[in-house]
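Some notes on the structure that comes next.
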Amino acid sequence: MATPEPQVASTKPTAPATPSPVPPPAPAQPLKDDEEAYAHYHKVMDAVTKCPVRADSTLAALHQFLDVFTRRDATPEHVKNDKLLRNLTGVTEPAVRCDMFDKGKWRLSSPTATNGKYELFLRFNKLLYAPVVRLECRFNIDAPSPLCIQVVLEFHFGNCNGTELRNFEYIKAEERRDTPRNPSTCDRIKFQTNGATCTGLNNAISSEALLSGVQKAMLYVLRELAQSSVPRWLHFDLYTHELTSNFYTQELCDLHQIVARLPGGDTAMLSLGRPEYSAFRPRVGILAIREPSDLVRPNDLMRGRLPMVPLPCGDTFSSTTEGVIQLAYSAGISDAETRQALELWARARHSGTLFKVGHFPILALNYGYFSKLGSANQDLRYRLPRELHAELTFSIPGAYEVKYEGYLETEALGLRAHDAFFVITSHPVKWFEAAFKQNKDEKNPIYRDVRVKPHYNSFTYHSQLQTLHELQLESNSRWHPILLNQRHDLIPDHDLTAGLDIDPQKLEEAEKWLRGWREWNSEQLDVLASIHKAKGRMVITMGIAGTGKTLLQQALAIFFVKLGMRVQINAPANSNCNHFIRELEEALKEIKGARAYRLYCSSRNIGFKKMSQDQAKHRKVGHVDRRVSNLHGLGFKLHASRNQKTNARDYSFEQAVIDEADKGELQWLTMLDHNVDNRKEVEVWDVFRGHLNAARDLTLDRKDAKAISEFERSHNICTNHLIALTDIMVTTTGNARATEIVDVWANAERDFDISCKGYMVVMDEGPKDQEINSWNAVTALGSKVNGVMMFGDDKQLKPVNPGAGRKLQFNMFSERLAIPLPSRLVREGFQHVSLREQQRMHPVLSDFPSDEFYDALLRNAPRVHGSLDIVRPGMIDAALDPILRKVLSESEKARYTDGRLSEELYRLHYFEIVGERVQHPESCSSVVKEHVEVFFREMFPHLQSYFGDRTEEDLMIICGHGYAASHLNPCLFRVWLTSWQIQHYQTAVFELQAKQKNPDSHYPRIMTIDSAQGQEAFMVIVDGSFQCRDMMGFMTDPGRCNVAMTRAKGVLWVLGGLLGLKDSRHAHEAPSPFVKLKNRMQTRNQVHRLQ
């Protein structure tokens, strides 16, 4: 069987033409329902009632596939049905080796996998809801290192952007008449098609130089099949005689079960006669998703014959419809799960008692019985949202039931164990004096019934739906090739400075400044150059922390502002935004009069201990009329307490509008009142200044509705004026559609006559954010966005996925939540720059992360090589040496005749602390209390003595387990509110601080791995609560381990157990990166026992 010769001259890609119509298919028999494929429907339950799904059900517990544990006890019939359902909803098994030929033109054989060859396999995918024939081509490359590149083409039974297959026919070997029958005779599949969607083709094209001539010829054929719009017949001969058919695998039987459901089979699937994803559409051909009510309910999904099981998600989308549906339903069901669980909790009648902590009344809550989300035989664990504001109704002595406002507090308060604590913000502490007197005996407090009405912030979710609606529009079609992520070679490059009517001399001066502002390395220069060749107007930069990503973002932001443009900086978390705006201060001096502000709710950064009593009543959660800034935020800033210090000036709009009012330099003449009888223009800054001063002097009458209304309107107008003047806007991706941005900042030229050449969107920590949020930032400003630049590290944390690792699932596209946009683009070979020179960690600390996570490609900048005696004089003698000498044997001490240990021992060390790993029954999170006790007894006194008031800045404790709680320690929460491990550390700090009377600056930062990303400290203590290598929980995830190991600049110490095996049956499992790190440290004498 011959293979085609390479046709190099024909491999240049061309834009796909409009697909030619395929001749209509032959008449088919009416399709009948497949009862066997939907036999599991009776197990799909309403997540709230735990009963069969009804018309009004909003959330359904999906059918659970068998896992390695439940499969042992399952009946053979159950195992058989499970396997069939997996094959009908995902990529089918087995993969059948095949030959492929175009009728009358060429034939491609699948040779043995050797150097210079390839293999062809045929499967099917998504048969019950978007059926396709799946062709896999695996290129095997030996040089320069063994590599397997897989290209997948999918031929769609239904119309997919104009491409589809027709006249499908499966011919079994015994039915063939074109060849003599023998044991090696192949089954044959043939159909007519006019194109295919693809995955992996970009990586194959970029690796074309490594391919042999035969492989290049095959790659050419695959490109033509994916791109061609001319109908053609394809034939596939399947090597079915290679499949096994025995008690253990039954591959041939599995294949026949699938074939029976294809055209011509005994039970052809309903999905073959419908549009792809038809169950998700309220009406055929319409995909209107703008409100939560537009999402199809579970009962209607089942009537549309959706399988109601977890569905696979990949790095490419076959169409914009598939992309929008997966993004919409993954976000929508996740939101419904959070909202519905909160409603169930709020329906219960809880009991509470009041305590006084500082100058705040605290409502300590014990939960009453409440129903949890679940299925017929399993309930889901529940924890309250961390940012929860609620209306609390209860009675106190001498008063009837009163409604109070409060927020959930997750910090340790030093009170006895309760399920939750709410800080009352609506009433002063004196209001509750009678209740406090009743609770003088803390061991026997008086409890009252409490009704809770939580405030649920739906702004983010509505923004996401609006994003998906706009993403489908023709005005955003330029982003569709990036969304699909199939053919990067067909996406044009763009100069992000072109077409903006910029003076050439001004552009030349700005570029000269950009290249000369810092001494950039070669990779950083590539990033700067990429603005002139941005693939599809998008630039992606990946790199470990400390490689200069933030510096590049600053330089590029200033560069675009110099050109007369505006820049929006987005990040997934407030901590990332806070870090960027602080670092921007120096760069901002490069442009006289440039303005950069951060759009966020000011109260979110202030902890319970640092909040003043006057601020409490202004602490609100959520948006008001889609605005982030409001009068409550202004009031919170006005009453800032003295201990709310920052490392840089406050860049929030709340503080900025106060500062500008005090300066008295800005003016804006406009109508404050639009009533017909009072329509006159006033100097709005003067009006606002008068009310602001009255609020400061406490002379503002809060009962005067007219004065308060005028204060609020003048505040909004002045804030809008300031927003219109802003050059660099820093905010989270979740706030990208706030009114301040889409209605004010984007229309500054129209409403405030402020010139703007265009808008650039820069996203930090993109791989940590859900894809739908990234598109939220990209599309919020519409066609005014000239380009997008994404930065991050795809080797570290992924986006938060509430359903990850959970057996009970409600979200059929749960996997989509954990696939960020830049990461899937890079995996498919999208053009990007990788930064390799790290400028944070000492080489002793960067050595292992480089080898384990970055293929040993990291380089250490010259600046990180300084010794401890130079960068931290006295630290060894005062803190590190006294601790380490407690663990060294006399023989080890004798090795160091000069009295000093090697610097490697001081910088990187593993302390074996034998203890018991206790798991919380509700959250399954863990803590080893002995780790906490030994740290504060043996280590912290020396470290605190050295660091002093810099302890908070220079010392960080990273805990491996998040979102857990404790009922063992009387100062901890009983329920799943925050890390159980962190609560133990916080309690130890709380008790120590009560004795020492020192400010917070004398105590370490205590963080989960999630919150630590983007943070750094000179010394980091990692406590992953691990004792055995097969009981490490979250600490087996490479991304989490990477974050924990790369936060320290100078010293990294790890607290853990012996890391032996607890169960020998797990010996075959891949070890955690921390196990590998300990093994390496063991050979270097960096591991010692500490008790």
Under a cut-off of 15 Å between alpha-carbon atoms, report the aspartates and glutamates in cross-link reach of Lys430, not counting same-chain residues fewer than 8 places apart. Asp614
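Apply the Kirkwood formula to the stretch 979-1080: the hydrodynamic radius equals the inverse of the mean of 1/r over all pairs of different alpha-carbon atoms; give it in Å with one decimal.
15.1 Å
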Report the relative contact order of the stretch 515-614, percent, no decimals, based on alpha-carbon pairs under 8 angstrom and at least 6 residues apart. 19 percent
In sequence order, calculated HN-Hα J values of the stretch 376-387 (Karplus, 6.51, -1.76, 1.60; Hz; x Gly/Pro): 5, 10, 7, 10, 8, 5, 10, 9, 6, x, 5, 9
Ordering Lys893, Lys549 from largest to smallest accessible area (1.4 angstrom probe), what's the sequence? Lys893, Lys549
In nm, to one decimal, how far is the Lys430 label point from the Asp697 one, both placed 7 Å along Cα→Cβ? 2.4 nm
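If you take the beta carbon distance between Lys440 and Arg937 as r and set R0 to 41 Å, what does 1/(1 + (r/R0)^6) give as a FRET efficiency, to the nearest 0.05?
About 0.75, to the nearest 0.05.
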Residue separation between Gln996 and Lys784 times 0.36 nm, minus their alpha-carbon distance, gives in nm 70.7 nm
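Report for the chain the percent antiparallel among DSSP-assigned beta bridges with both residues inside it, nearest 5.
60 percent
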I need the phi-derived Karplus couplings for the stretch 1051-1057: 6.51 cos²θ - 1.76 cosθ + 1.60, θ = phi - 60°, integer Hz, Gly and Pro marked x. 9, 10, 10, 10, 9, x, x
Once every DSSP H run of n ≥ 4 in the chain is given -39500 (n - 2.57) and the sum is divided by its residues, what mean residue ellipticity at 222 nm do you get, rounded to the nearest 500 deg cm²/dmol? -8500 deg cm²/dmol
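For the chain, what's the relative contact order in percent, using C-alpha pairs closer than 8 Å and at least 6 residues apart? Each step should come with its number before you reach the end.
Working: 2085 pairs, mean separation 113.7, N = 1091.
Relative CO of the chain lands at 10 percent.
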Would you mind computing Rg(Cα) / (2.2 N^0.38 Å) for the chain, counting N as its residues? 1.01
From the protein chains alone at 1.4 Å, what is the descending order of accessible area for Trp1053, Trp431, largest first? Trp431, Trp1053
For an R0 of 25 angstrom, estimate the FRET efficiency from the Cβ-Cβ distance between Ala1070 and Ala861 and round to the nearest 0.05. 0.20
Would you mind putting 307-318, 550-561, 689-700 in packing order, based on average other-beta-carbon counts within 10 Å, highest first? 550-561, 307-318, 689-700
Carbon and sulfur: what percent of the stretch 708-839's accessible surface (1.4 Å probe)? 43 percent
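Kirkwood hydrodynamic radius (Cα pairs, Å) of the stretch 506-590?
On the way: mean 1/r = 0.0728 Å⁻¹.
Taking every pair of different Cα atoms in the stretch 506-590, averaging 1/r and inverting gives 13.7 Å.
State to the nearest 20 debye the size of the charge dipole of the chain about its Cα centre, where the only charges are +1 on K and R beta carbons and -1 on D and E beta carbons.
Dipole magnitude for the chain comes out near 1320 debye.
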Share of accessible surface on carbon and sulfur in the stretch 129-191, whole %, 1.4 Å probe and ligands ignored, is 46 percent
Please list 3J(HN,Hα) in residue order for the stretch 826-840, calculated via the Karplus relation 6.51 cos²θ - 1.76 cosθ + 1.60 where θ = phi - 60°; whole Hz, with x for glycine and proline. 5, 4, 8, x, 5, 4, 7, 10, 9, 8, 10, 8, 8, 10, 10
On the full set of protein chains, 1.4 Å probe, figure out the accessible area of Ser575 and give it in Å² to the nearest 10. 50 Å²
Taking a probe of 1.4 Å, how large is the accessible area per residue of the chain, in Å²? 42 Å²
Compute the label zone of Asp449 within the stretch 339-357: residues whose backbone N is under 18 Å from the point 7 Å along Cα-to-Cβ. 345-354
Please report the carbon-and-sulfur percent of the accessible area for the stretch 471-526; probe 1.4 Å, protein heavy atoms only, DNA, RNA and ligands left out. 49 percent
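Thinking of the stretch 416-525 as a set of Cα atoms, what percent of all their pairs are more than 20 Å apart?
Numbers: 4456 of 5995 pairs.
Beyond 20 Å sits 74 percent of the P(r) for the stretch 416-525.
Of Lys43/Lys83; Lys80/Lys172; Lys126/Lys190; Lys83/Lys807; Lys372/Lys617, which ones are farther than 26 Å apart at the Cα?
Beyond 26 Å between Cα atoms: Lys372/Lys617.
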What accessible area, in Å² to the nearest ten, does a 1.4 Å probe give for Phe752? 30 Å²
Taking the simple approach of a point 7 Å from Cα along Cα-to-Cβ for both Ala376 and Ala705, what is their distance in nm? 5.6 nm
Proximal lysines to Lys680, defined as alpha-carbon separation beneath 27 angstrom and excluding residues fewer than eight positions away on the same chain: Lys663, Lys703, Lys706
Just to confirm my numbers, what's the Cα centroid distance between the stretch 139-188 and the stretch 869-918 in Å? 62 Å
Neighbours of Gly758 by Cβ distance under 15 Å: Lys/Arg at +1, Asp/Glu at -1, summed charge +3
Using amide H atoms built in the peptide plane, which far-off residues or other-chain residues are under 5 Å from Ala74 H to H? none
Can you give me the Cα centroid spacing of the stretch 532-575 and the stretch 759-829 in angstrom? 16 Å
Provide the FRET efficiency to the nearest 0.05 for the Gln1082-Lys680 pair, computing r from the beta carbons and using R0 = 56 Å. 0.10
Relative contact order (%) - criterion: Cα under 8 Å, at least six apart; region: the stretch 828-930: 20 percent
Considering only DSSP beta bridges where both residues belong to the stretch 653-798, give the percentage that are antiparallel (nearest 5). 40 percent
Listed residue pairs exceeding 22 Å between alpha carbons, taken from Lys506/Lys592; Lys549/Lys620; Lys356/Lys997; Lys356/Lys995; Lys609/Lys1049: Lys549/Lys620; Lys609/Lys1049
Between Asp178 and Thr393, how many nm apart are label points set 7 Å from Cα along the C-beta direction? 7.6 nm
Tell me, what is the 1.4 Å probe accessible area of Val452, in Å² to the nearest 10? 10 Å²
Taking 0.36 nm per intervening residue step and subtracting the Cα-Cα distance, what contour gain separates Arg950 from His532 on full extension? 146.1 nm
One can check that the equivalent ellipsoid of the stretch 281-428, built from the alpha-carbon gyration tensor with semi-axes equal to the square roots of five times its eigenvalues, has lengths in Å, largest first, of 42, 16, 15
Projected area, mean over directions - the stretch 706-845, Cα convex hull, nm²: 14.5 nm²
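The values are calculated or read from the model by the stated rules, or taken from the named source; none is laboratory data. These figures come from a predicted structure and were not determined experimentally. Cβ coordinates were reconstructed from backbone atoms using ideal geometry, including for glycine residues, and neighbour counts include every protein chain displayed. The accessibility values were calculated without ligands, DNA or RNA, using every heavy atom of the protein model including side chains. Shrake-Rupley method; radii C 1.70, N 1.55, O 1.52, S 1.80 Å.
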